[in-house]
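Heads up, the thing below is written out as structure tokens.
The values are calculated or read from the model by the stated rules, or taken from the named source; none is laboratory data. Keep in mind that what you see is a predicted model, and the values were worked out from it rather than measured. Neighbour counts run over all protein chains shown; Cβ positions are idealised from the backbone, glycine included. The area values use the complete protein model at the heavy-atom level, side chains included, leaving out ligands, DNA and RNA. Shrake-Rupley method; radii C 1.70, N 1.55, O 1.52, S 1.80 Å.
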2 protein chains.
Amino acid sequence: MFEQRLRLVRKSLSEDKIDALLVSSAVNIAYLTGYSNFSTREREAYLFVTESSVSLFTDGRYIEGVRSILPKGLKVFLYTELFKKIRSSKAKRVGVEQNFTLSELKKFKRKTGLNFTLTEPLVEKLRAVKDDKEIKNIRLACKLTDKTYSDVLENIRMNITEKELAWRIERLIKENGGELAFEPIVAFGSSSAIPHHQTSNKKLINSDQFVLLDFGVKVNGYCSDMTRTLLTKNATNKARKIYETVRVAQQKAIEYISTSGVGPDSPEVDASKTAKVANDYLASKGFEKIPHGLGHGIGLEVHEELRLSPKSKNKLVKNNVFTIEPGIYIPGFGGVRIEDDFLLSDNLEQLTKSPK
Amino acid sequence: MFEQRLRLVRKSLSEDKIDALLVSSAVNIAYLTGYSNFSTREREAYLFVTESSVSLFTDGRYIEGVRSILPKGLKVFLYTELFKKIRSSKAKRVGVEQNFTLSELKKFKRKTGLNFTLTEPLVEKLRAVKDDKEIKNIRLACKLTDKTYSDVLENIRMNITEKELAWRIERLIKENGGELAFEPIVAFGSSSAIPHHQTSNKKLINSDQFVLLDFGVKVNGYCSDMTRTLLTKNATNKARKIYETVRVAQQKAIEYISTSGVGPDSPEVDASKTAKVANDYLASKGFEKIPHGLGHGIGLEVHEELRLSPKSKNKLVKNNVFTIEPGIYIPGFGGVRIEDDFLLSDNLEQLTKSPK
């Protein structure tokens, strides 16, 4: 598996006439080595891939841990070896990744005398096409998401706070063996009008019309991401119309992909056109277009390569996994978002199956 | 508070002859605005600070949420306004931060025609000196850490797994109103020899000599970070000697700081010399030097500006908050780390007070 991934990396490098790739993304390192314990917030390792070698560089806190799970052929060194090894690799053009900083560039140039070239998101592109094992893990994450949702519905009662409900979600996930893909978003009433609302101590009260739950599960490193918006029994006709419009907008996007791009000989599906279909439907009902993307790739990260948005240049291809999540947000009133995860194979398969 | 912080930022900028600072670190944005909901993993906002204005740029998911908690004088715009506003600011030299990527640099140059200058960690330096409110929050985090530790001791029993114990720690923290500062590290037996061990399904068994617990709490955005290593009743004399050596090494570092740098008229304390004192003590007992830093700053982030390590150039000054965490790790045998949080004021105050 790791050998196959490295082979594809090397193929891309040689197409781009790059001699070596310095992988600085901790998630990309996990994808290429299987070691997923490096922080995504601080730089704790580099992976240096040349035509003939793969070397991991890290510090004394990690080196024993990494050595114990090495894939075949991968060598591990302390940071102190890094610049020497890069120089001695004879690489002339070294590619660096999207998260490589200006500060690192200065240091690497000074220490090696080499030039570094920003590559297109190369490993990220490989990651967008999932293999069977990855799909299996995402299915597990989606299944646990559905189970969690079903359990959490029983926990919603008057006077519960957003934070309390978020903590119930978290407990249900972890006690079932999953991890959080991200901090759950719970929004009551008018707070649901804020797409990334900061879960607060606000209590659910009688006059609230909406309960928005956006959460994701991580299983074996792979994420799900699902949003449901519940209408309370006090929901007005206006609230119901918003809900129904969002639900149909998601359905329109699903139908567009299903009719234009599935099956073995079908053309690739245009991600931007998919977003347009959903936005056009919202416009036809008198609502503004979605203030965020219609969807995004999902896998080792909860947001990854693939954007379903009006400006996206992505094509959807077989074994992409992504969300479709239209939303309507009316400041001061409330909002509705419905989000599910999908696998594009010979058909468009919906992976999260909780009722809407 | 925010005005005072901005004043200090502007003072640093003018000393460096920089016209404006583009803040890309989500934590620095939280420090300068009070809005802490942006991801630290993805770029979700920029703060643009000039001599006369402060503007926050973000996307449609956040804009309503940010507007609702704005400090006085701060303006919020959608990303679509970003390049136009930078150009119209008339700034000639724009400073960028440590996490600004090569990819961003190319885009910003192309879109604005300006040059961008990598600054020294400017906001990070300000953050290293805590104000009263920050110290109060760190005290709360440390207090909850001590309470959690005391409760978790009652949960350690034979056959519990590392993951189960980590989950107990997490539940205790969250049910007491805190958040995790980072995923707890739990290591049994020889796993304690790996400073950043990946908490596993390993069970505590009779022959294990060590139980290492490294966890931190976040309260109102501020972190604690504490490590305790327990010797089980099967611990050999060798294990006990290691423990005692680490405990005294921490004490030596504390004494060095206490005798060389506290009190209103004292000189600043050299961080690298402090690390040397601890390492020299380990060497005198026949052990290797610590394979990680002796300590690090702590605050909004669990690792921040200030490194207590042999190569550090930092000076410890009043109202710095940092860890002191010596460790000895014997591959295949086990390891001991003891870590506490300290505030340097007129004396060196230990903030985490759990028994050792």
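Annotations for the structure displayed:
- Residue identified as away from chain B (no Cβ under 11 Å), touching a helix residue (DSSP H, G or I) at 6+ places or on another chain (Cβ under 6 Å) and within 28 Å of residue A:320 (Cα to Cα) among A:135, A:169: A:169
- Subset of region A:20-49 [away from chain B (no Cβ under 13 Å) and either open to solvent by 20 Å² or more (accessible area, probe 1.4 Å) or not in a helix (DSSP H, G or I) (or both)]: A:20, A:21, A:23, A:46, A:47, A:48, A:49
- Qualifying residue in region A:221-228 (condition: within 13 Å of another protein chain (Cβ to nearest Cβ), crowded, with 21+ Cβ neighbours inside 10 Å and touching a Gly at 6+ places or on another chain (Cβ under 6 Å)): yes
- Unique match (being of a type outside the set (Gly, Ala, Ser), modelled with pLDDT of 95 or more and within 23 Å of residue B:61 (Cα to Cα)) among A:162, A:183: A:162
- Looking only at region A:292-330, and only at residues there that are outside any strand (DSSP E or B), small (Gly, Ala, Ser) and more than 12 Å from chain B (Cβ to nearest Cβ), the one that is surrounded by the fewest Cβ atoms within 10 Å (Cβ to Cβ): A:312
- Per the listing A:128, A:141, A:166, the residue uniquely open to solvent by less than 40 Å² (accessible area, probe 1.4 Å) and either among the β-branched types (Val, Ile, Thr) or more than 19 Å from the chain's Cα centre (by Cα) (or both) is A:166.
- Residue under evaluation residue B:86, criteria (1) more than 11 Å from chain A (Cβ to nearest Cβ); (2) more than 30 Å from residue A:109 (Cα to Cα); (3) of a type outside the set (Lys, Arg); (4) touching a residue at least 12 places away in the same chain (Cβ under 8 Å), criterion not met: (2)
- For residue B:240, the conditions (1) more than 30 Å from residue A:201 (Cα to Cα); (2) surrounded by fewer than 18 Cβ atoms within 10 Å (Cβ to Cβ); (3) within 19 Å of the chain's Cα centre (by Cα) are fulfilled apart from (3).
Residue by residue, here is whether (1) surrounded by 15 or more Cβ atoms within 10 Å (Cβ to Cβ); (2) within 11 Å of chain B (Cβ to nearest Cβ); (3) in a helix (DSSP H, G or I); (4) of a type in the set (A, V, I, L, M, F, W, C) holds:
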| site | (1), (2), (3), (4) |
| --- | --- |
| A:106 | no, yes, yes, no |
| A:110 | no, no, yes, no |
| A:123 | yes, no, yes, yes |
| A:159 | no, no, no, no |
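- When residues in region B:185-218 are screened for being in a loop (DSSP other than H, G, I, E, B), more than 9 Å from chain A (Cβ to nearest Cβ), out of contact with any Ser or Thr (no Cβ under 7 Å at 6 or more places or on another chain) and not polar (S, T, N, Q), 2 of them pass.
- Just one of the numbered conditions (1) touching a residue at least 24 places away in the same chain (Cβ under 8 Å); (2) over 23 Å from residue A:305 (Cα atoms); (3) not aromatic (Phe, Trp, Tyr) is not true of residue A:237: (1).
- Residue check for residue B:2: open to solvent by less than 70 Å² (accessible area, probe 1.4 Å) and at pLDDT below 95: yes
- Residue tally, condition within 14 Å of chain A (Cβ to nearest Cβ), touching a residue at least 40 places away in the same chain (Cβ under 8 Å) and not in a loop (DSSP other than H, G, I, E, B), over region B:89-103: 3
- Test: residue in region B:35-42 that is in contact with a Phe, Trp or Tyr (Cβ under 7 Å, 6 or more places away or on another chain) and under 25 Å from residue A:107 (Cβ atoms): no
- From the list B:276, B:289, B:356, the one residue that fits, being of a type in the set (Lys, Arg) and not in a loop (DSSP other than H, G, I, E, B), is B:276.
- Residue in region B:266-285 that is of a type outside the set (A, V, I, L, M, F, W, C), out of contact with any Ser or Thr (no Cβ under 8 Å at 6 or more places or on another chain), away from chain A (no Cβ under 14 Å) and on the phi > 0 side of the Ramachandran plot present: no
- Residue that is nearest to the other protein chains (Cβ to nearest Cβ), among those in region B:64-74 that are open to solvent by less than 40 Å² (accessible area, probe 1.4 Å) and either more than 28 Å from the chain's Cα centre (by Cα) or at pLDDT below 85 (or both): B:65
- Count - residues of region A:50-61 that are free of Cβ contacts under 8 Å to residues at least 40 places away in the same chain and either hydrophobic (A, V, I, L, M, F, W, C) or within 11 Å of chain B (Cβ to nearest Cβ) (or both): 6
- Flag for residue B:213 being within 22 Å of the chain's Cα centre (by Cα) and aliphatic (A, V, I, L, M): yes
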